[in-house]
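Data first, discussion second: the structure below is written as structure tokens.
The values are calculated or read from the model by the stated rules, or taken from the named source; none is laboratory data. These numbers come from a predicted model, not from an experiment. Note that each Cβ is placed from the backbone with ideal geometry, even for glycine, and that neighbours are counted across all protein chains shown. Accessible surface areas use protein heavy atoms only, side chains included; no ligands, DNA or RNA. Shrake-Rupley method; radii C 1.70, N 1.55, O 1.52, S 1.80 Å.
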Amino acid sequence: MKQFKAESKRLLDLMINSIYTHREIFLRELISNASDAIDKLYYRTLSDGDTGLNRDDFCINILPDKENRTLTISDNGCGMTKEELENNLGTIAKSGSLNFKKENEQKEDIEIIGQFGVGFYSAFMVSEKVTVLSKAFGSEEASKWESTGTAGYTIEPCEKESHGTTIILKLKPDTEDNHYDEFLETYTLQNLVKKYSDYIRYPIKMDVEKSRLKGGLNSMVPIWRKNKNEIKEEEYNEFYKNKFMDYTDPAKVIHSSTEGTATYNALLFIPARAPMNFYTKDYEKGLQLYSNGVLIMDKCADLLPDYFSFIRGLVDSQDLSLNISREMLQHDRQLKIIAGRLEKKIKSELESMLSNEREKYEEFFKNFGLQLKYGVYQDFGAHKDVLQDLLLFYSSGEKKLVTLKEYVSRMKEGQKFIYYACGENVDRVDKLPQTEAV
Ligand code: ADP
Ligand code: MG
């Protein structure tokens, strides 16, 4: 049988121009690769103990250089030999990381991010030339890989002091519409690290004009990966307020992790108050979606049904790939399973709030009840079974909010009908001639 030959040039062109919607993600991809490279060496440290390295020795560095219009990302991870450079960066869709993951499958705590062998090439979305200097751990020689994109690449020996990889991006020239030099601004870089790579497990540092900014740019430990028992309520509340820009503590925190057909951590919040624009077209539902702590999408709408659109929060799953487009994600089976689980979880949390914290639930219902009621009516009533036990109605007899179940359980013997009136408020409904009649 004959083998297909990949049209590398066209593939690369496709890669650079179509896979990603936002070119800023190139930084996320390079940082994720650096983190993978450090992981690999770190695991070797753990399993062989022969490296003489400590966990604290590892870090990722970002260095913007406005004068030369370069952005350098370096790591002190496993590095690459000449052959590895050739294999991993010379072949599109070849992932050294996926191989590593397969070889070490039985080991716990492996959190390698890469697997598709395409992320690296996102560097060409912003660069006219990419230079990679790399020295494999334990090797004497270093090599330089260089490419301007579709034209091909060169590899030659070079000098490099210590193991690891240094990637130098020569940014494209600015045009009227494209300002590549924004990626040389400390502020932009800090924000991008915060946005996408905040939970990379090794410190990300930035050298600015030869003086290092104090400390790492990233938080490193995601709160949702911590043990529930070790997290204080205030910690959740602070996280919520910072991350989702609310002034008020959430009414409820739902923190859950699951393994099995879908492995994920979810941290969900029910806001104490409906956002100003909640009942308008401007409101955008969705949860943040992470793959192994790296942000894939800020508002993944597919994770929430409309009737639970008030939920804020995030999902982190190692089953989801980083290099996935919005369109592909919509058809992702894993994502559907997760969404289904979350819906059940949210519903059961609301039910337990209803039976155990009645006052709180009524407050919740004041804010978001309309959305639930609309959910019952929406899609020709398809969701009414899910939602009916979550609804509250004002009872004219009892002068308070009751559920349908409660109403039925207290119904007078022989009562055949339940009358239900809609209106602006209870007063108005009381004054309806129909109400007086019954
Ligand atoms: P993926 O990360 O999905 O495997 P990439 O295109 O991002 O794909 O990278 C391709 C391969 O190049 C990686 O699998 C890894 O083997 C190698 N690689 C990339 N960056 C580095 C780095 N900083 N250090 C060591 N190896 C790297
Ligand atoms: Mg990668």
Subject >> Per-residue HN-Hα couplings for segment 266-278 [Karplus 6.51, -1.76, 1.60; θ = phi - 60°; Hz; x = Gly/Pro] >> reply: 10, 10, 10, 10, 9, x, 6, 9, 5, x, 3, 9, 4
Original post:
Relative contact order of the chain: what whole-number percent is it, with Cα pairs under 8 angstrom and at least 6 residues apart?
Top reply: 11 percent
Original post:
By average Cβ neighbour count within 10 Å, what is the ranking of 304-314, 25-35, 420-430, 378-388 from highest down?
Top reply: 25-35, 304-314, 378-388, 420-430
**OP:** Enumerate the residues in segment 391-432 having an amide nitrogen under 14 Å from the point lying 7 Å beyond the Cα of residue 370 toward its Cβ.
**Re:** 423-425
**OP:** Tally up the carbon and sulfur contribution to the accessible surface of segment 142-249 as a whole percent, 1.4 Å probe, everything protein left in place.
**Re:** 47 percent
Original post:
By how many nm would the segment from residue 385 to residue 228 grow when fully extended, if each residue of separation counts as 0.36 nm and the alpha-carbon distance is taken off?
Top reply: 53.4 nm
Original post:
Simple spin-label model, 7 Å along Cα-to-Cβ: residue 421 to residue 399 in nm?
Top reply: 1.7 nm
Original post:
Which of the lysines could a cross-linker bridge to residue 412, judged by Cα under 19 Å and excluding same-chain residues fewer than eight apart?
Top reply: 399, 400
Subject >> Highest-first arrangement of 340-347, 399-406, where packing means the average Cβ count within 10 Å >> reply: 340-347, 399-406
Original post:
Given a Förster radius of 30 Å and the C-beta distance between residue 332 and residue 104 as r, what FRET efficiency does 1/(1 + (r/R0)^6) yield to the nearest 0.05?
Top reply: 0.75
**OP:** Return the whole-Å distance between the Cα centroid of segment 343-398 and the Cα centroid of segment 409-433.
**Re:** 19 Å
Subject >> Extended-chain gain in nm, criterion 0.36 nm per residue less alpha-carbon gap, residue 191 and residue 437 >> reply: 82.2 nm
Subject >> Residue (of 72, 297, 197) at the positive-pole extreme of the chain, dipole from beta-carbon charges >> reply: 297
**OP:** Write down the accessible area per residue of the chain in Å², having rolled a 1.4 Å probe over the full set of protein chains.
**Re:** 56 Å²
**OP:** Can you tell me which of 291-297, 281-287 comes out highest on packing, and rank the rest after it, using the mean Cβ neighbours within 10 Å?
**Re:** 291-297, 281-287
Original post:
How far, in nm, would the chain grow between residue 68 and residue 247 when pulled straight, counting 0.36 nm per residue and subtracting the alpha carbon separation?
Top reply: 60.1 nm
**OP:** For a label point 7 Å from the Cα of residue 9 along Cα→C-beta, name the residues of segment 126-170 whose backbone N is under 14 Å from it.
**Re:** 148-153
Subject >> Value at 222 nm in deg cm²/dmol, rounded to 500, when DSSP H runs of n ≥ 4 in the chain each add -39,500 (n - 2.57) >> reply: -10000 deg cm²/dmol
